[in-house]
1. Being buried (at least 17 other Cβ atoms within 10 Å of the Cβ) and among the small types (Gly, Ala, Ser) is the filter; apply it to region 89-103 and report the residue that is farthest from residue 149 (Cα to Cα).
2. Hey, does region 73-81 have a residue that's in contact (Cβ under 8 Å) with a residue 12 or more places away in the chain, touching a strand residue (DSSP E or B) at 6+ places or on another chain (Cβ under 9 Å) and closer than 30 Å to residue 153 by Cβ?
3. Among the residues of region 119-161 satisfying the criterion of being basic (Lys, Arg) and within 29 Å of the chain's Cα centre (by Cα), which is most open to solvent (accessible area, probe 1.4 Å)?
4. Looking at region 95-150 only, could you name the residues that are under 17 Å from residue 82 (Cβ atoms) and aromatic (Phe, Trp, Tyr)?
5. Considering only region 46-64, I want to know if a residue exists there that is open to solvent by 80 Å² or more (accessible area, probe 1.4 Å), at pLDDT below 95 and assigned to a loop (DSSP other than H, G, I, E, B).
6. Here is a check on your reading of the model: is residue 111 under 14 Å from residue 157 (Cα atoms), surrounded by 11 or more Cβ atoms within 10 Å (Cβ to Cβ) and at pLDDT 90 or above?
7. How many of the residues in region 1-34 are surrounded by fewer than 10 Cβ atoms within 10 Å (Cβ to Cβ) and assigned to a helix (DSSP H, G or I)?
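The values are calculated or read from the model by the stated rules, or taken from the named source; none is laboratory data. In this text, all values refer to a predicted model and were calculated from it rather than measured experimentally. All Cβ positions, glycine included, derive from the backbone under ideal geometry; neighbour counts span all protein chains shown. Side chains are part of the model used for accessible areas, which takes the heavy atoms of the whole protein and leaves out ligands, DNA and RNA. Shrake-Rupley method; radii C 1.70, N 1.55, O 1.52, S 1.80 Å.
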Amino acid sequence: MMDRLRTWWTGLARRERIMTITATAVVFLGLLYSLAVEPAWKTRARLAAELPRLQAELVQIEALSAEAKRLDARIGVGQTAEALRDAAEQSIRRANLAANVGSDGENTVTVKATGVSASAWLRWLESFTRETRSAVAAASMQRNGPAGLIDASVSFRTDAR
């Protein structure tokens with residue numbers, strides 16, 4: 001193969017050799033531009049356009065992280081059963097529900113209500129679990145008399161996030 005190429009090359013006139021070298025250089029530069037320079041140039045432009053958006057997202061993520069840390073400190077994740085019981089009593093008073101709050105002393109707080117509105121109970125339960133980040137260990141509801149009234153019981157674990 002090399003012998004054939006060498007024979008072909010030596011058979012070319014000086015002018016033809018210069019034109020062949022020039023054409024080869026142009027093709028090589030065209031390939032270099034289309035395979036390396038242009039994609040890198042386009043990627044650089046795209047990244048320059050995305051950078052402000054990514055920096056704004058980083059600032060937002062850092063702000064949300066700081067808020068989450070602040071809320072963790074305020075809520076008191078890993079709170080004691082006594083603290084959760086006190087929070088449940090206050091929350092029930094704010095919701096105007098007639099319920100009894102008890103604790104097993106270790107890590108479970110139980111709230112029992114008789115003859116309460118189902119919608120009010122479910123609103124309170126959603127609000128309380130969101131505010132205290134407590135996990136529901138067990139829950140039960142039974143219809144009591146007129147439509148919409150229930151007897152309900154829910155137990156919360158204090159060791160859950």
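1. If we take residues in region 89-103 being buried (at least 17 other Cβ atoms within 10 Å of the Cβ) and among the small types (Gly, Ala, Ser), then 103 is farthest from residue 149 (Cα to Cα).
2. Among the residues of region 73-81, at least one is in contact (Cβ under 8 Å) with a residue 12 or more places away in the chain, touching a strand residue (DSSP E or B) at 6+ places or on another chain (Cβ under 9 Å) and closer than 30 Å to residue 153 by Cβ, which makes the answer yes.
3. In this case the residue turns out to be 161.
4. 128
5. no
6. yes
7. Looking only at that region, the number is 9.
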